[in-house]
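The next block holds one structure in the form of structure tokens; read it before the comments.
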Amino acid sequence: MSPSMRFSGLPVSEGMATGRLHIANLDTAISATPEQVRAAFAAVSAQRSALARRLRGAGRDEEAAIIDVGALIAADTALVDPAVAAVRGGIDAATAVRQAAEAQAAVIEALATAELAERAGDVRQVADAVLEHLSSAGAAPRPAGDFILVRREISPGDLIELAEAGLAGAVSLAGGASPTAATFARGLGVPRVTGGNKAYSRRPRGSRPSSTPMLGS
């Protein structure tokens with residue numbers, strides 16, 4: 001039987017959820033050429049654009065607009081070029097993409113407008129998506145059926161993309177949660193905990209949490 005566990009942290013979306021863990025944090029080194037890193041950013045941008053078109057075609061314009069932002073971020077040379085240059089300089093792809101994303105996120109978080117500052121989470125989510133794309137050949141597939149996403153930071157884009165793919169709940173290891181992401185989690189009926197213990201990222205992929213891992217107040 002798969003091991004079970006209970007999540008704790010700050011509940012930002014009410015509810016209970018069970019499912020197999022899908023740990024999407026990527027902290028290990030990834031071997032990739034500069035060209036492969038650039039291609040991964042382009043692929044993520046194209047995927048986001050395609051999803052935005054589908055959402056807009058279904059009349060989900062607000063969600064489409066959020067996904068469009070992710071597509072633009074993934075195509076932004078201010079994010080892509082430093083990551084590619086770092087890999088060309090000998091840094092592993094995971095570190096290069098993370099560092100480039102954190103540099104951009106820091107600039108955005110410093111903006112005076114709270115709504116714009118929230119976009120820092122979108123930059124980090126794009127970095128996660130790029131690294132998942134680069135490591136897809138050796139990565140464990142997303143569990144079939146209901147799953148609980150465990151990631152360093154979870155954006156509205158994550159919730160929108162995965163809501164129809166079996167997403168039952170979400171745990172972000174970073175503390176805090178943007179009001180936009182919290183609103184989407186509640187709107188999609190996805191229980192979410194933020195500030196989860198980082199030890200969760202070391203749990204075996206595919207393990208099943210207990211029957212009530214997430215509780216909102």
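What to note about this one:
- When only the Cβ of Lys, Arg, Asp and Glu is charged (+1, +1, -1, -1), the dipole of the range 78-145 relative to its Cα centre reaches about 200 debye.
- Cα-projected label distance for residue 72 with residue 183, points at 7 Å along beta-carbon direction, nm: 1.7 nm
- Label point distance in nm, residue 92-residue 10, each placed 7 Å from Cα along Cα→Cβ: 3.1 nm
- Ordering 51, 123, 64 by Cα displacement along the dipole of the range 51-143 toward the positive end leaves 51 in first place; charges were set at the Cβ atoms of Lys, Arg (+1) and Asp, Glu (-1).
- Per residue solvent-accessible surface (Å²) - the range 63-111, probe of 1.4 Å: 42 Å²
The values are calculated or read from the model by the stated rules, or taken from the named source; none is laboratory data. Here the structure is a predicted model, which means the values were calculated and not measured. Here Cβ is always computed from backbone atoms with ideal geometry, including for glycine, and neighbour counts include all displayed protein chains. In case anyone asks, the SASA skips ligands and DNA or RNA and just uses the protein heavy atoms, side chains included. Shrake-Rupley method; radii C 1.70, N 1.55, O 1.52, S 1.80 Å.
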